[in-house]
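Asks: Once you've had a glance at the structure underneath, I'll fire off some questions.
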Amino acid sequence: MLRCPICGREYEDHGKMRCDCGEPLEFEPFRGRTHAGKSVWERFREFLPVEPDLNLSLGEGDTPLVKSRLGKELGVRLHLKNETVNPTWSFKDRGTFLGILAAMKFGYRKVGTVSTGNMAASVAAYAARAGLKAYILVSSSIAPEKITQIAAYGSEIIKVEGPYGELYYKSLEAGEREGIYFINSDNPFRIEGYKTISFEIAEEMSPDYVIVPTSSGGLIRGIIKGFLELRDSGLVGELPTFIAVQAEGCSPVHRAFIEGKSRVERFKNPHTVAHAIENPYPPSGNAVLKLLRETGGFTAAVNDREILKAREELAREGLFVQPASATGIAAVKRLAGEGRIEEGAKVVSILTGSGLKALPATGPGKVRECGIEGIESCLV
């Protein structure tokens with residue numbers, strides 16, 4: 001059964017994606033027990049809305065939870081959930097896997113998505129794996145290096161002129177007419193895939209805080225839903241405090257939260273180095289606000305300088321991430337400094353995507369030149 005997290009209306013049609021009130025739908029909470037299994041899909045299969053066909057898996061999930069050296073400096077026990085090691089280098093693969101399984105269950109031979117980065121590459125890759133035709137709708141201003149990542153999988157890439165914020169809704173309408181199953185940012189099956197991050201974290205530790213870079217809102221919805229299901233199934237005790245972090249240059253969820261509003265408003269003139277979370281009007285924004293207030297969570301926003309500094313510090317630990325991933329670390333630094341995260345707290349920050357997704361933001365780095373005869377003098 002699908003239900004609307006805002007108005008509560010229920011639907012039996014598992015192929016429906018949004019409520020008649022305009023809000024994103026989600027599956028009713030699952031309760032279950034864990035099983036032995038190598039993959040998270042096997043261990044938590046009772047919590048999934050579709051039977052996982054591992055023949056279509058590319059090895060997504062079961063990502064490492066890495067202890068960070070930065071925690072000692074900040075006075076917290078900091079762990080990083082490294083989603084950059086998924087098959088297409090971002091957390092999107094978890095949701096895409098279930099979305100592709102759903103499309104096949106419903107009899108679709110064509111899938112699509114609206115994205116300019118991580119989700120586009122993910123849907124293209126998993127569609128190729130399943131032998132489905134993929135249509136990737138992108139903004140007309142998309143960077144050429146992003147096109148290269150998507151095109152490698154043989155999908156149909158379509159640059160769309162016009163307001164990118166409206167494309168999400170237009171794609172759903174066109175998909176219904178043309179028989180294309182759009183696996184967009186808050187597709188209900190995506191949310192179910194994202195909650196497996198919570199399951200894996202809970203297998204290793206009981207965090208006090210979970211910090212999530214937030215754009216459309218699907219990821220944090222999934223993570224909160226996962227912990228709620230674990231609690232209601234008696235598999236964990238207290239919930240962690242959830243923190244949705246955004247870039248100051250595009251922070252509609254944060255702005256609505258601190259102003260006490262129940263609905264997000266379009267963020268005017270968005271601009272941030274964290275392009276992967278630069279969504280001025282997030283389709284799951286209202287649902288995120290409601291979830292945070294119901295669970296005692298809150299929001300944070302960090303500026304581009306803080307983001308790039310955090311990205312550099314993660315690289316010094318051997319973790320090369322896109323700027324959006326670094327927003328969580330920037331937020332930990334700010335919140336710990338303000339005392340909003342207490343000393344000694346167990347904190348998990350989600351690293352959402354690889355730095356290979358955003359090479360122009362990296363810069364050329366420092367490179368020296370040396371003749372072969374004088375190599376010894378250069379090694380000092």
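Asks: Which fully enclosed strands (runs of 3 or more DSSP E) of the range 56-159 have 1 or more residues being open to solvent by 60 Å² or more (accessible area, probe 1.4 Å) and touching a Phe, Trp or Tyr at 6+ places or on another chain (Cβ under 8 Å)?
Replies: Counting at least 1 such residues, we get 110-114.
Asks: Considering only residues that are more than 19 Å from the chain's Cα centre (by Cα) and in a helix (DSSP H, G or I), which ones fall in the range 309-344?
Replies: Residues satisfying the conditions are LYS309, GLU312, GLU313, ALA315, LYS333, ARG334, LEU335, ALA336, GLY337.
Asks: Okay, moving on. Only one of GLY260, GLY249, GLY285, GLY222 is modelled with pLDDT of 95 or more, touching a Gly at 6+ places or on another chain (Cβ under 6 Å) and small (Gly, Ala, Ser); which?
Replies: GLY285
Asks: Give the range 340-367 a look and list any residue that's out of contact with any helix residue (DSSP H, G or I) (no Cβ under 7 Å at 6 or more places or on another chain) and at pLDDT 95 or above, or say none.
Replies: ARG340, GLU342, GLU343, GLY344, ALA345, LYS346
Asks: Still on this structure, please answer the following. Can you name every residue in the range 174-224 that is open to solvent by 20 Å² or more (accessible area, probe 1.4 Å), touching a residue at least 12 places away in the same chain (Cβ under 8 Å) and within 18 Å of GLU23 (Cα to Cα)?
Replies: Answer for the range 174-224, where residues must be open to solvent by 20 Å² or more (accessible area, probe 1.4 Å), touching a residue at least 12 places away in the same chain (Cβ under 8 Å) and within 18 Å of GLU23 (Cα to Cα): just SER215.
Asks: Find the residue count for the range 237-279, including only residues that are in a helix (DSSP H, G or I) and surrounded by fewer than 19 Cβ atoms within 10 Å (Cβ to Cβ).
Replies: Matching residues across the range 237-279 total 2.
Asks: Oh, and also: Inspect the range 362-369 for any residue being in contact with a Gly (Cβ under 8 Å, 6 or more places away or on another chain), free of Cβ contacts under 8 Å to residues at least 60 places away in the same chain, farther than 22 Å from LEU239 by Cα and of a type outside the set (S, T, N, Q) and give the result as yes or no.
Replies: Within the range 362-369, none of the residues are in contact with a Gly (Cβ under 8 Å, 6 or more places away or on another chain), free of Cβ contacts under 8 Å to residues at least 60 places away in the same chain, farther than 22 Å from LEU239 by Cα and of a type outside the set (S, T, N, Q).
Asks: Of the numbered conditions (1) more than 30 Å from PHE298 (Cβ to Cβ); (2) more than 19 Å from the chain's Cα centre (by Cα), ALA125 satisfies every one except a single condition; which is it?
Replies: Result: ALA125 passes all but (2).
Asks: Is there any pair linking a residue in the range 14-34 that is under 23 Å from LEU230 (Cα atoms) to one that is at pLDDT below 95 and open to solvent by 70 Å² or more (accessible area, probe 1.4 Å), with Cβ under 6 Å and at least six apart or on different chains, and which?
Replies: GLU28/MET1
Asks: To continue, here is another question. Does the range 2-17 hold any residues that are part of a loop (DSSP other than H, G, I, E, B) and either under 21 Å from the mean Cα position of the chain (by Cα) or surrounded by 11 or more Cβ atoms within 10 Å (Cβ to Cβ) (or both), and which are they?
Replies: CYS4, PRO5, ILE6, CYS7, ARG9, HIS14, GLY15, LYS16, MET17
The values are calculated or read from the model by the stated rules, or taken from the named source; none is laboratory data. Given the structure is predicted, the values throughout are model-derived calculations rather than measurements. Positions of Cβ are backbone-derived with ideal geometry, glycine not excepted, and every protein chain shown enters the neighbour counts. Please note that ligands, DNA and RNA were not included when accessible areas were found on the heavy atoms of the full protein model with its side chains. Shrake-Rupley method; radii C 1.70, N 1.55, O 1.52, S 1.80 Å.
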